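The structure's right below; bear with me while I get my questions together.
Bear in mind these aren't lab numbers, they're just calculated from the coordinates by the rules spelled out. All values derive from a computational prediction rather than experimental measurement. As a convention, Cβ positions derive from the backbone with ideal geometry for all residues, glycine included, and neighbour counts pool all protein chains shown.
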Amino acid sequence: MVRCRVQREFRWRASVSSRTRAGIEVLCEERGSRVAGVRVGVLCHAASVDSRLRHAVDLLSAAGAQVEREFAPEHGVMAGLQDMEVVAETRDPLTGLPVISLYGDDEASLTPPRTAFDGLDAVVIDLMDVGARYYTFAATAIRLLEVAARVGVRVIVADRPNPLDGLTVEGNRVDPRYHSFVSELDVPNRHGMTLGELCLWARRQRDIEVELEVVPVQGWRREQYWDETGLPWVLPSPNMPTLDTALVYPGACLVEATNLSEGRGTTRPFELIGAPFLDAVRLARSLDERELPGVAFRPVSFVPAFHKHAGRLCGGVQLHVTDRRTFRPLRTGLEVLAACRRLGGDAFDWRREPYEFVSDRPAIDLLAGGPGWREALEEGVDPRELAAAWQVEQAAFLESRRPMLLYTD
């Protein structure tokens, strides 16, 4: 018997007139016959909840599914582990179910073993993605799809809204030589797709012969951001506390590939960027002069409690999104890197340590999908030129993704 995660019901007070229902709610309440009596594994985490904060495991059990085990992505089923921290194989303290780790201590651990599917009829995937290529949950889902195809287990994706809307796309495609866990799919950095749509895309692009069913979100439109859905925001990872974080993440994540602090160890991860060797006022003025749309830069000082520059006073900026419809996080992230590299001088450096189990290519190249951005910034190329260069790739992607889209514009 699965023990419930939530002992009493919560009713989320939606601030919008129409109610959005996550795929897991639609699956269990309207398509329960798809899982009733079925032996399932669940790829999930703390954010796998419905509009009343009921967890996917509880909902599936109530619908009659025989939940056998959970699969844990990066950060674990409780979403409490930091980035690149090993997820142990253990039992979920709330459900008592065994947990299969899909984020261990080496590259091989990122792909589930065939034995993880023993005794299962299906796997239900319910993960909250944040709309950026490097956020690793989509990569985990795709690798699970590939193994499920080989062992003959069907997969049901309970879809969720893209928090950043489903229209806006920004970035380049991935050079195959730079394929990695943070560039698993050849889609732009901000792809404007839901996890279900990404799974459909991957099945077609990679010819994955898996029985795949995507249960769409009910009531979501592509132009909507997360806070327009009425669904509660639950941290999908420790450093993704709010929608504000997710808005800047497609660009601010690039800071991970440098010796700058991306604000981990503060209450505003990815919104705060800085280093002990940077002058906050000069940096903010330099970025303001670029007149970037939809964002303002406020000079700040901060001391990370952990992670890079822990316990040291950092000068930097806080990114304040003033118009999310015009804001372009990736272009902004490249502008921040260019300014910090110029003002930091020799103190600025790219990350040299292994990144997501890769040691033979720089982290910035993995995030960028190739060496082009790093080489351009080192040569002093204006980030405007980089942003202009990916327009053709974006247009081609928007056309190619069209058959995979499940929601109206």
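Skipping prolines and chain starts, which residues have an amide H placed within reach, meaning under 5 Å, of the one on V123, given they are 5 or more residues away or on another chain?
For V123, whose amide H was placed from the backbone, the distant partners under 5 Å are G41, R154, V155, I156.
Still on this structure: Please express the Cα-Cα pair-distance distribution P(r) of segment 224-268 as a list of whole percents, one per 5 Å bin, running from 0 to the bin with the greatest distance.
Over segment 224-268, the share of Cα pairs per 5 Å bin runs 5, 19, 28, 24, 13, 7, 3, 1 percent.
Further, regarding this structure: Rounded to the nearest 5, what is the percent of antiparallel bridges among the DSSP beta bridges in segment 23-234?
The answer is about 15 percent antiparallel.
How do the peptides 174-181, 74-81, 352-359, 363-370 rank, highest first, by the average count of neighbouring beta carbon atoms within 10 Å per residue?
363-370, 74-81, 174-181, 352-359
While we're on this one: Which one, V234, H307, H45, projects farthest toward the positive side of the charge dipole computed for the chain from Cβ point charges (K/R +1, D/E -1)?
Of the candidates, V234 comes out farthest on the positive side.
On to the next question. For each of M193, M84, count neighbouring Cβ atoms within 10 Å of the residue's Cβ, then give the residues from fewest to most.
The fewest-first ordering by Cβ neighbours comes to M84, M193.
Computed over the Cα atoms, what is the radius of gyration of segment 23-234 divided by 2.2 N^0.38 Å, N being its residue count?
Cα-based Rg divided by the globular estimate yields 0.95.
Okay, moving on. Hey, what's the Kirkwood Rh for segment 266-409 if you take every pair of different alpha carbons, in angstrom?
17.0 Å
If you put +1 on each Lys and Arg Cβ and -1 on each Asp and Glu Cβ, how big is the dipole of segment 113-159 around its Cα centre, in Debye rounded to 20?
With Lys and Arg at +1 and Asp and Glu at -1, about 220 debye.
A further question follows. Would you calculate, for the chain, the mean residue ellipticity at 222 nm contributed by helices, counting each DSSP H stretch of 4 or more residues as -39,500 (n - 2.57) and dividing by all residues, to the nearest 500?
-7500 deg cm²/dmol
Another question, then. Short version: what are the Cα gyration tensor semi-axes of segment 122-280, square root of 5 times each eigenvalue, largest first, in whole Å?
Here the semi-axes work out to 29, 19, 14 Å.
Here's another thing I want to ask about it. Determine ³J(HN,Hα), in whole Hz, for all residues of segment 369-382 in sequence, where each value follows from phi through the Karplus function 6.51 cos²θ - 1.76 cosθ + 1.60 and θ = phi - 60°; x replaces Gly and Pro.
Each residue of segment 369-382 in turn: x, x, x, x, 5, 4, 4, 5, 5, 5, 8, x, 5, 5 Hz.
Return the percentage of antiparallel bridges among DSSP beta bridges fully within the chain, rounded to the nearest 5 %.
Counting DSSP beta bridges with both partners in the chain, the antiparallel share is about 50 percent.
While we're here: What residue among N172, F277, Q224 has its Cα farthest toward the positive end of the dipole of the chain, where the charges are +1 on Lys, Arg and -1 on Asp, Glu, each on the Cβ?
The residue sitting farthest along the positive end of the dipole is Q224.
Using the 10 angstrom Cβ neighbour count as an exposure proxy, how do R361, R324 rank, fewest first?
In order of increasing Cβ crowding within 10 Å: R361, R324.
Right, next: Positive end of the charge dipole of segment 82-183 (Lys, Arg +1 and Asp, Glu -1 on Cβ, about the Cα centre): tell me which of S183, A122, P93 has its Cα farthest that way.
With unit charges placed on the Cβ atoms, the residue in question is A122.
Here's a follow-up. Roughly how big is segment 243-378's charge dipole about its Cα centre, with Cβ charges of +1 (Lys, Arg) and -1 (Asp, Glu), in debye to the nearest 20?
That gives a dipole near 260 debye.
Whole-Hz ³J(HN,Hα) for each residue in segment 128-140, computed from phi via Karplus 6.51 cos²θ - 1.76 cosθ + 1.60 with θ = phi - 60°, x for glycine and proline: what do you get?
Using θ = phi - 60°, the values come out as 8, 8, 10, x, 10, 4, 7, 5, 7, 5, 5, 4, 4 Hz.
To continue, here is another question. Which of the peptides 54-65, 310-321 is most tightly packed, and how do the rest follow, judged by the mean count of other Cβ atoms within 10 Å per residue?
Descending packing order for the listed peptides: 54-65, 310-321.
Within 10 Å of each residue's Cβ, count the other Cβ atoms and sort D129, D349, D83, D92 from fewest upward.
Placing the least packed residue first, the sequence is D349, D83, D92, D129.
Over segment 213-330, what is the percentage of antiparallel beta bridges among all DSSP beta bridges, to the nearest 5?
Restricted to segment 213-330, the bridges split so that about 95 percent are antiparallel.
For the chain, compute the orientation-averaged projected area of the C-alpha convex hull (one quarter of its surface), in nm².
Mean orientational projected area (the chain, Cα hull): 18.7 nm².
Here's something else I'd like to know. Average projected area of the Cα convex hull of segment 250-337, in nm²?
Taking a quarter of the hull surface, the average projection is 4.9 nm².
With the alpha-carbon atoms as the only input, what is the per residue convex hull volume for segment 24-146 in Å³?
About 108 Å³ per residue, rounded to a whole number.
Turning to a different aspect of this structure: Dipole magnitude of the chain about its Cα centre, charges +1 at Lys/Arg Cβ and -1 at Asp/Glu Cβ only, in debye to the nearest 20?
920 debye
Something else about it: Indicate the gyration tensor shape class of segment 110-151 (rounded, prolate or oblate), computed on the Cα atoms with a ≥ b ≥ c the square roots of the eigenvalues: a/c under 1.5 is rounded; otherwise a/b larger than b/c is prolate and the rest oblate.
Here segment 110-151 falls in the prolate category.
For segment 49-60, in order, what is each residue's ³J(HN,Hα) by Karplus, 6.51 cos²θ - 1.76 cosθ + 1.60 with θ = phi - 60°, in whole Hz (x at glycine and Pro)?
With coefficients 6.51, -1.76 and 1.60, one gets 10, 9, 5, 10, 6, 7, 7, 4, 4, 5, 5, 5 Hz.
Inverting the mean 1/r over all pairs of different Cα atoms, compute the Kirkwood radius of segment 345-409 and quote it in Å.
Across segment 345-409, the inverse of the average 1/r is 14.5 Å.
Long-range amide H contacts for S51: which residues qualify at under 5 Å (H placed 1.01 Å from N, peptide plane, sequence gap of 5 or more or a different chain)?
A22
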